[in-house]
Amino acid sequence: MQKTTKQEIMGLNGDEAVAYAVKQSDVDVVAAYPITPQTIIVEKYSEYVANGEVKTEFVCTEYEHSAMAATLAASATGARTFTASASAGLALMHEMLTVASGSRAPIVMAVANRALSSPLNIHGDQSDSMAERDSGWIHIYVENAQEAYDSIIQAFKIAEDTGVSLPVIVGLDGFTLSHTLERVDVLEDQAVQAFLGERKIPLVLTHEGKTVPYKLDPENPMTMGPIALQNYYFEFKRQQDEAMRLALNKIQEVNSEYAALSGRSYGNGLIDQYKLEDAEIAVVCVGSTAGTLKVLIDGLRQEGIKAGLLRLRTFRPLPVEELRNALKNAKAIAVMDKSMSFGGHGGAVFHEVRHALYDLQMQPPIVNYIYGLGGRDSNPVVLRSIFDDLLRIVRTGRVEKQITYFGVRE
């Protein structure tokens, strides 16, 4: 796809790419606390603030729960807000994550995905954000630093759409992406600001009978996050779910608009397919592993093996119809999980994909590979065995092992 606006080539790691995208997005308030491997994001952004390169109010809080509380409070006043976290920091935010989504605050948060304790591990897997999959946040996962940059910009436009008004997590694999230097093509500041515009605020009817913007304003008092017992709570939750449904179209729309501006798109914004149209065996994954799998698939194709890849870019809301359409012709499917659902018979992505495909007329065998926990490496040589297993399933018609702990010492 051809670029339609001038861009500059920069060498950035994933964290720096996120910080640079936030810098260009005219953010009013950033509240954060550092935690590996996210620290570079807020550290770099604090430099932009100190150097006078942005007009953002930067709040360094005492811990992550307060960071989300401060970000939510700023968002409630109508400010464009951002934060970042990882691992235990994200877990510490949990209470405030549900408050933010229930308050319909369009916060954008980068998560440099990292393993959860115990035992202590600072390296990358996706257990932290997968544990928050039902907290009411949109979840987008990226493959490389370029997509991290592009997705942060897109996330503000998605979150702030008045039909959505939900917070967004952009997940990038810790260290694999957060600390790896890559080429990143960045837009001009003016192009990003024109793409985003000012934050749009939905209108609501107040107790005084006035239609006003949904924000804290002494001139138009209203209550946010009120107590809602048996008589109204259910309706609040149903509205959040409806907003998630509307977000499916908005994510695709923003992906297309951004492609027209930058020349870059990521599938349809929900799923990103690679040589999947005629694939007989297919792998589904989330995040940076897709890049390695694409190289493997190229080699398999040269051998005459019809292999393909589906990268699930948007995990919440789950793109059920897109998954069904993309995978309906596969004869065997492997789903890769970089997190565990203890006692849940497989990982979170496996659960979701298998659920989405359950109603297909032809139900392909689906197997699960839990891999990379605590940052354990999965190189192309060992990943090849996943495709070999799928070929064996197609040839024999039997699934000998539905869940494999890939690369673990048993």
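The values are calculated or read from the model by the stated rules, or taken from the named source; none is laboratory data. Just so it is clear, the structure is predicted and the values come from calculations on it, not from any experiment. Note: ideal-geometry Cβ built from the backbone for every residue, glycine included; neighbour counts use all protein chains shown. Surface areas here come from the heavy atoms of the whole protein model, side chains and all, with no ligands, DNA or RNA. Shrake-Rupley method; radii C 1.70, N 1.55, O 1.52, S 1.80 Å.
Every residue in region 333-386 that is of a type in the set (Phe, Trp, Tyr) and within 23 Å of ALA86 (Cα to Cα), please. If the condition is that a residue be of a type in the set (Phe, Trp, Tyr) and within 23 Å of ALA86 (Cα to Cα), then PHE342, PHE350, TYR371 are the ones that fit.
Please find, among GLU64, GLU95, the residue that is charged (D, E, K, R) and either closer than 13 Å to ILE169 by Cα or surrounded by fewer than 18 Cβ atoms within 10 Å (Cβ to Cβ) (or both). Let's see the steps before the verdict.
Numbers: GLU64 fails: either closer than 13 Å to ILE169 by Cα or surrounded by fewer than 18 Cβ atoms within 10 Å (Cβ to Cβ) (or both).
Exactly one residue qualifies, and that residue is GLU95.
Pairing each residue of region 368-389 that is more than 16 Å from ASP298 (Cβ to Cβ) and modelled with pLDDT of 95 or more with any residue that is open to solvent by 60 Å² or more (accessible area, probe 1.4 Å) and assigned to a strand (DSSP E or B), provided the two are 6+ apart or on different chains, yields C-beta distances under 6 Å for ILE370/TYR405. Of all residues in region 322-336, none are of a type in the set (Gly, Ala, Ser), more than 18 Å from the chain's Cα centre (by Cα), open to solvent by 10 Å² or more (accessible area, probe 1.4 Å) and at positive phi.
Is one or more of the residues making up region 258-269 among the hydrophobic types (A, V, I, L, M, F, W, C), open to solvent by less than 70 Å² (accessible area, probe 1.4 Å) and assigned to a loop (DSSP other than H, G, I, E, B)? Please lay out each step first, then the result.
As a first pass, look at region 258-269 and keep what is among the hydrophobic types (A, V, I, L, M, F, W, C): 259-261.
Checking the rest, the ones that are also open to solvent by less than 70 Å² (accessible area, probe 1.4 Å) come to 259-261.
So of that shortlist, the ones also assigned to a loop (DSSP other than H, G, I, E, B) come out as none.
Checked against the condition, which is being among the hydrophobic types (A, V, I, L, M, F, W, C), open to solvent by less than 70 Å² (accessible area, probe 1.4 Å) and assigned to a loop (DSSP other than H, G, I, E, B), region 258-269 yields no hits at all.
In region 119-132 there is no residue that is more than 19 Å from VAL286 (Cβ to Cβ), of a type in the set (Val, Ile, Thr) and not in a loop (DSSP other than H, G, I, E, B). Residues in region 398-409 that are in contact (Cβ under 8 Å) with a residue 12 or more places away in the chain and over 29 Å from the mean Cα position of the chain (by Cα): 2 in all.
Condition (residue is touching a Leu at 6+ places or on another chain (Cβ under 7 Å), of a type outside the set (S, T, N, Q) and closer than 15 Å to ASP185 by Cα) applied to region 19-32: is it met by at least one residue? Yes.
Exactly one residue out of ILE227, ILE201 is open to solvent by 60 Å² or more (accessible area, probe 1.4 Å), under 14 Å from SER103 (Cα atoms), of a type outside the set (Ser, Thr, Tyr) and in a loop (DSSP other than H, G, I, E, B): that is ILE227. Does region 102-109 contain at least one residue that is assigned to a helix (DSSP H, G or I), buried (at least 24 other Cβ atoms within 10 Å of the Cβ) and in contact (Cβ under 8 Å) with a residue 12 or more places away in the chain? No; the residues of region 102-109 include none that is assigned to a helix (DSSP H, G or I), buried (at least 24 other Cβ atoms within 10 Å of the Cβ) and in contact (Cβ under 8 Å) with a residue 12 or more places away in the chain. So in region 270-306, with the set limited to residues that are surrounded by 20 or more Cβ atoms within 10 Å (Cβ to Cβ) and among the polar types (S, T, N, Q), which one is farthest from the chain's Cα centre (by Cα)? Residue satisfying both the conditions and the ranking: THR289.
Only one residue in GLU410, GLU352, GLU400 is of a type in the set (Asp, Glu) and assigned to a helix (DSSP H, G or I). Which one?
Details: GLU410 fails: assigned to a helix (DSSP H, G or I); GLU400 fails: assigned to a helix (DSSP H, G or I).
After ruling out the rest, the residue left standing is GLU352.
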